[in-house]
Amino acid sequence: MKCLIIDDDIDFSHYLGQYVDNFLSSIFKKYEIKVQNDHFTDMSIYQDIDLLFIDIDLNDISGIGIIKQLDNINCNYPIIYVSSRRELVFSSLSTHPFYFIRKQNLENDIEELFKLLKIYYKKTMKMITFNYYGRKTCIFLKDIHYIESYGKDISIITNDEVYTYRSGLKEALELIDSKYVVRIHRNYAVSLMFVKEIDKANIILKDKTQLCIGKKYYENLILLYKEFLLSWVYLTYLLIL
C-alpha cells in the first residue's frame, strides 16, 4: 500500500499524514506514505500508488487539472481532494474523486472518509485465487480490468499482466463472485471500477480499451453501474457542505 499526499503547505501535509498513518496502520501490515510539496506536474509521481490526497490550490497549479491529466497514464485508485475552498467541490466532481475534505473541518471530514475507505478496501482488496499453469495464483479484485472469453479459454486482463487459462466465462465470474465485475457480452465481462464511459453499443475503459455491449446485457449493465456510482458516494459531497 502506497499513499501520496500532494500539498504546497508543508505543515498541513505532515499534519494530514499523521491521520493517514494512524488509519493505514489499522488496516495494512505494510504501507508507505510519501509527502510531496513541490514538482506537482511531474506525472511520474502519480504512478505506482494506491491512494492519493491532493490539494486543489497548489501555488499557481490546479489540482483538478493534474487529475484530468491522470486519465492519460491509466491511474486507478481513490483520489481525495483537500481544500480550504469548499465551493470547489462542484468543480471537482467532473474528475470523479472519491471524497472531498475541507481543511477547516479536517477532523470531521477525515473521520467520514476513513469509514468509506474501510468499505472500499474490504470490497476491492478481495483476493481471487485460481489455477494458472499448474500453480495457485492470486490477484486482487481491484486490479482486474476485464475478462475475455474465446473457445474454452479465458483471459483476465489486470494492471500488470494477462492471465490466460482453461475456463468458461460463467465459471470465472462465479469464482470472482463480485457485483463489480459484470458480464457485458457473450465474450466479455468488465470491472465497473475501471469503466470510463458507456454508450448504447460500447463500453470504454480507463485505459481506452473499447468493448462492445451485447443487447441482452445492456439494461442490467446500466442498472449495476448506477448502483456502483451511488456506492462510491458521489452524492455524499452534498452532505458535507
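The values are calculated or read from the model by the stated rules, or taken from the named source; none is laboratory data. Being a predicted model, the structure only gives us computed values, none of them experimental. Counting neighbours? That spans all protein chains shown, and the Cβs are built from the backbone with ideal geometry, glycine included. All accessible areas refer to the heavy atoms of the entire protein, side chains included, with ligands and DNA or RNA removed. Shrake-Rupley method; radii C 1.70, N 1.55, O 1.52, S 1.80 Å.
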- prompt: In sequence order, what are the phi-derived ³J(HN,Hα) couplings for the stretch 134-139 according to the Karplus relation 6.51 cos²θ - 1.76 cosθ + 1.60 with θ = phi - 60°, rounded to whole Hz, with x for glycine and proline?
  reply: x, 9, 6, 10, 10, 9
- line: For Tyr77, the residues 5 or more places away or on another chain with a placed amide H closer than 5 Å to its own amide H are none
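So what is the relative contact order of the chain, in percent, for Cα pairs below 8 Å that sit 6 or more residues apart?
Values: 337 pairs, mean separation 29.1, N = 241.
That works out to 12 percent.
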- prompt: Within the accessible area of the stretch 1-44, what % is carbon and sulfur when the probe is 1.4 Å and the other protein chains stay in place?
  reply: 47 percent
message: If R₀ is 22 angstrom, what is the calculated FRET efficiency for the pair Glu111 and Glu197, using the beta carbon separation as r and rounding to 0.05?
response: 0.10
query: At Lys216 and Asp42, where each label point lies 7 Å from the Cα along Cα→Cβ, what is the point-to-point distance in nanometres?
result: 5.3 nm
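Can you work out the accessible area per residue across the stretch 45-161, with the rest of the protein chains kept in place, probe 1.4 Å, in square angstrom?
Numbers: 5680 Å² over 117 residues.
For the stretch 45-161, the per-residue accessible area is 49 Å².
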- prompt: Longest exposed-loop-site-free stretch of the chain, with trypsin sites (Lys or Arg not before Pro), DSSP loop and at most 15 other Cβ within 10 Å?
  reply: 31-84
field: Estimated 222 nm signal from helices in the chain, with DSSP H stretches of n ≥ 4 weighted -39500 (n - 2.57), rounded to 500
entry: -9500 deg cm²/dmol
statement: Which residues qualify? For Leu58, with a placed amide H closer than 5 Å and at least 5 residues away or on another chain, they are Gly63
message: Give me the extension gain from Arg166 to Lys34: residue separation times 0.36 nm, minus the current Cα-Cα distance, reported in nm with one decimal.
response: 43.4 nm
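Using DSSP to define loop residues, name the chymotrypsin sites (Phe, Trp or Tyr not before Pro) in the stretch 61-160 whose beta-carbon has at most 16 other beta-carbon atoms within 10 Å. Before the final figure, lay out each step's value.
Values: sites: Tyr81, Phe90, Phe98, Tyr99, Phe100, Phe114, Tyr120, Tyr121, Phe130, Tyr132, Tyr133, Phe140, Tyr146, Tyr150; in loops: Phe98, Tyr133.
When the chymotrypsin sites (Phe, Trp or Tyr not before Pro) of the stretch 61-160 are filtered for loop state and at most 16 Cβ neighbours within 10 Å, Tyr133 remain.
For Ile27 and Lys68, what is the calculated FRET efficiency with R₀ set at 41 Å and r taken between the beta-carbons, to the nearest 0.05? Don't skip to the end; give the middle numbers.
On the way: r = 29 Å, r/R0 = 0.71.
With a Förster radius of 41 Å, E is 0.90.
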task: Return a whole-number percent for the relative contact order of the stretch 1-74, with Cα pairs under 8 Å and 6 or more residues apart as the contact set.
output: 43 percent
task: List the residues whose amide H sits under 5 Å from the amide H of Tyr132, counting only those 5 or more places along or on another chain, with H placed 1.01 Å from N in the peptide plane.
output: Thr137
message: Just to check I understand the Karplus step: with θ = phi - 60° and J = 6.51 cos²θ - 1.76 cosθ + 1.60, what whole-Hz values come out for the stretch 193-205, glycine and proline as x?
response: 5, 10, 7, 9, 7, 9, 10, 5, 10, 9, 10, 10, 8
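Ignoring ligands, DNA and RNA, what percent of the 1.4 Å accessible area of the stretch 129-241 is carbon and sulfur?
52 percent
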